[in-house]
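K.L.:
Dumping the structure here so I can ask a few things about it.
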Amino acid sequence: MKKLTLWIVMLSAFAQGVALGQYIVKPQIWTANHYVRAIVTTPDAIYIGGEFTSVGPYNGHGVPLNMSTGSPVSPFPKVNGEVDACVPDGSGGWFIGGSFSQVGTLTRNCLAHINSDGSVDPAWNMTFAAVNAGPKILSLALSGSTLLVGGVFNSINGQERKHVAAINAATRAISNWNPSPDNAVLAIATKDSTVYIAGSFMTVGGKSRPHIAMVESNGYLHDWNPAANNAVCSMVLAGSTVYAAGWFTNIGGQDRNKIAAIDSNGKATVWNPNVTGNYVNDMVKNGSTMYVGGNFSKIGGQNRSNIAAIDLVATGTALAWNPGTNGSVYKLAFYGSTLFAGGAFTSIGGQARNFIAAIDDTGKPTAWNPNSNDSVKSLTISGSTIYAGGLMTGFGGQQRKYLAALDPNTGVVTPWIPPSFDGSVYSLGLRDSKLYVGGRFQTVDGIQQPYFTELDLTNAATGSGLYQ
């Protein structure tokens with residue numbers, strides 16, 4: 001009986017471990033940007049191995065960055081899932097959308113309002129639902145006091161709204177406005193009482209409007225119908241012209257590869273940059289120039305890698321401005337004469353820049369370098385702050401591919417630079433000053449060492465070495 005009582009006491013204490021303060025998460029410790037498969041420790045280091053490519057502070061999937069230093073602007077709430085859209089609230093805060101479920105310490109379903117002081121607005125708590133997969137907010141636009149929300153969903157707070165909706169930004173009341181496109185809304189643009197929506201839908205309100213449509217705030221669906229033959233991802237309004245970009249090869253009754261200008265009758269104009277590549281994902285207009293980002297190799301008659309500046313006055317000629325990236329560009333934002341770009345690239349203009357960069361008017365990357373640990377998919381600017389969202393979880397870390405060492409006291413990565421592995425690390429073992437490494441690699445520092453090797457840690461405080 002005494003043994004049974006002792007076990008009950010021990011189990012009770014274990015169950016209350018968190019309450020008793022025995023298990024405390026240390027948020028200061030740096031994290032990896034992908035799976036950690038193995039851990040071993042010494043008094044001086046915590047060695048981790050896995051499928052990661054960088055190690056750094058955990059900031060979450062949405063972070064405000066200082067436009068001078070590139071550092072995160074504190075305080076800010078950490079977002080636990082992908083942020084695909086963001087827009088300033090006009091008062092120093094932000095509306096953010098994506099596929100997250102928590103912002104800071106509060107539950108938030110795909111949409112949240114962050115106040116100017118970095119706190120999460122306690123009143124803004126909408127619930128989205130979708131039929132086949134999880135809901136996702138992919139586009140946001142603020143028009144006066146109305147927040148327009150687009151993405152993949154079928155209802156908000158139990159009210160049927162398919163893929164696009166209008167919400168009062170102050171009262172959170174859901175408008176009766178209900179265009180009901182039959183698939184995802186990827187972009188929203190507004191002019192006075194007119195709302196342009198674009199995406200992967202084929203119908204709006206039961207009427208044929210392939211991938212792009214014009215709807216009044218009173219719900220009236222215009223006859224304007226450019227009828228793109230594939231998804232439209234971005235729109236820019238300029239007078240009576242709508243510039244559209246995406247995956248299409250025909251729009252407004254004309255062959256137009258990935259980008260076009262549409263007139264008030266829904267017809268394509270003569271402006272024709274004629275993209276060679278997969279898609280144009282975003283555009284921003286600055287004066288008589290349209291800056292575009294996506295996944296392409298040629299535009300406006302010139303070779304351009306994923307980012308370009310196009311003349312709006314002539315027929316769509318590429319200008320000399322030519323940073324070039326080694327990966328897709330997802331989002332662009334202008335501030336003064338500087339263009340900020342986010343995407344899946346790790347170099348731009350010949351300079352190392354991980355997933356986010358600032359480019360000057362000559363096409364050269366500036367010194368601004370937040371150093372993201374994964375793709376940036378949304379950018380928006382308010383004052384001296386740029387809010388970045390996406391797949392990334394941190395800024396300002398260090399590149400460490402598949403193997404790294406952390407300081408057990410500070411949680412920060414040590415100066416130790418491990419050898420170069422050509423595949424991920426799955427297991428670690430330690431004996432004396434030797435670190436044994438197993439995984440899916442074939443070479444270590446270019447030397448054939450299939451699946452297993454031994455590293456000498458004698459000089460781990462300052463360097464690295466393959467033990468042979």
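The values are calculated or read from the model by the stated rules, or taken from the named source; none is laboratory data. Note that the structure is predicted; figures quoted are calculated from it, not measured. All Cβ positions, even for glycine, are placed from backbone atoms using ideal geometry, and neighbour counts span all protein chains on display.
K.L.:
Can you confirm whether Gly316 is within 25 Å of Ala198 (Cα to Cα), buried (at least 19 other Cβ atoms within 10 Å of the Cβ) and either at pLDDT below 95 or not assigned by TED's automatic domain parsing to the domain that holds Ala388 (or both)?
P.N.:
yes
K.L.:
Right, here's the next one. With the condition kept exactly as written, say whether any residue in segment 239-258 is in contact with a strand residue (DSSP E or B) (Cβ under 9 Å, 6 or more places away or on another chain), without any contact (Cβ under 8 Å) to a residue 60 or more places away in the chain, part of a loop (DSSP other than H, G, I, E, B) and among the aliphatic types (A, V, I, L, M).
P.N.:
Looking through segment 239-258, none of the residues is in contact with a strand residue (DSSP E or B) (Cβ under 9 Å, 6 or more places away or on another chain), without any contact (Cβ under 8 Å) to a residue 60 or more places away in the chain, part of a loop (DSSP other than H, G, I, E, B) and among the aliphatic types (A, V, I, L, M).
K.L.:
Applying the selection to segment 408-423, what residues are assigned to a loop (DSSP other than H, G, I, E, B), free of Cβ contacts under 8 Å to residues at least 40 places away in the same chain and either in contact with a Phe, Trp or Tyr (Cβ under 7 Å, 6 or more places away or on another chain) or farther than 30 Å from Ile447 by Cβ (or both)?
P.N.:
Asn409, Asp422, Gly423
K.L.:
Using the structure shown, decide if Val280 is assigned to a strand (DSSP E or B) and crowded, with 24+ Cβ neighbours inside 10 Å.
P.N.:
Answer is yes for this residue.
K.L.:
May I pose another question? Determine, yes or no, whether Gly389 is more than 20 Å from Leu457 (Cα to Cα), modelled with pLDDT of 95 or more and either outside the structural domain of Gly97 (by TED's automatic domain parsing) or not in a strand (DSSP E or B) (or both).
P.N.:
Judged against the criteria, Gly389 is not a match.
K.L.:
Assuming Tyr335 fulfils every condition listed in (1) crowded, with 16+ Cβ neighbours inside 10 Å; (2) within 22 Å of Met235 (Cα to Cα) apart from one, which condition is it?
P.N.:
Condition not satisfied by Tyr335: (1).
K.L.:
Out of the residues in segment 445-468 that are closer than 18 Å to Ala38 by Cα and buried (at least 19 other Cβ atoms within 10 Å of the Cβ), which is modelled with the lowest pLDDT?
P.N.:
Among residues in segment 445-468 that are closer than 18 Å to Ala38 by Cα and buried (at least 19 other Cβ atoms within 10 Å of the Cβ), the one modelled with the lowest pLDDT is Leu457.
K.L.:
In this structure, does Ser208 turn out to be under 28 Å from Asn281 (Cβ atoms) and surrounded by 19 or more Cβ atoms within 10 Å (Cβ to Cβ)?
P.N.:
no
K.L.:
Right, here's the next one. List pairs: first in segment 379-407 and closer than 18 Å to Gly60 by Cα, second buried (at least 24 other Cβ atoms within 10 Å of the Cβ) and basic (Lys, Arg), Cβ under 8 Å, 6+ apart or cross-chain?
P.N.:
Taking only residues 6 or more apart or on different chains, the pairs are Leu379/Lys331; Gly389/Lys377; Gly390/Lys377; Leu391/Lys377.
K.L.:
Further question on the same structure: Which ones in segment 285-317 are among the small types (Gly, Ala, Ser), part of a loop (DSSP other than H, G, I, E, B) and under 22 Å from the mean Cα position of the chain (by Cα)?
P.N.:
Ser305 - this is the single residue of segment 285-317 that is among the small types (Gly, Ala, Ser), part of a loop (DSSP other than H, G, I, E, B) and under 22 Å from the mean Cα position of the chain (by Cα).
K.L.:
Give me the pairs, please: first residue somewhere in segment 425-437 and in a strand (DSSP E or B), second residue anywhere and hydroxyl-bearing (Ser, Thr, Tyr), beta-carbon distance under 6 Å, and either six or more positions apart or on two chains.
P.N.:
Val425/Tyr402; Leu428/Tyr47; Gly429/Tyr436; Val437/Thr453
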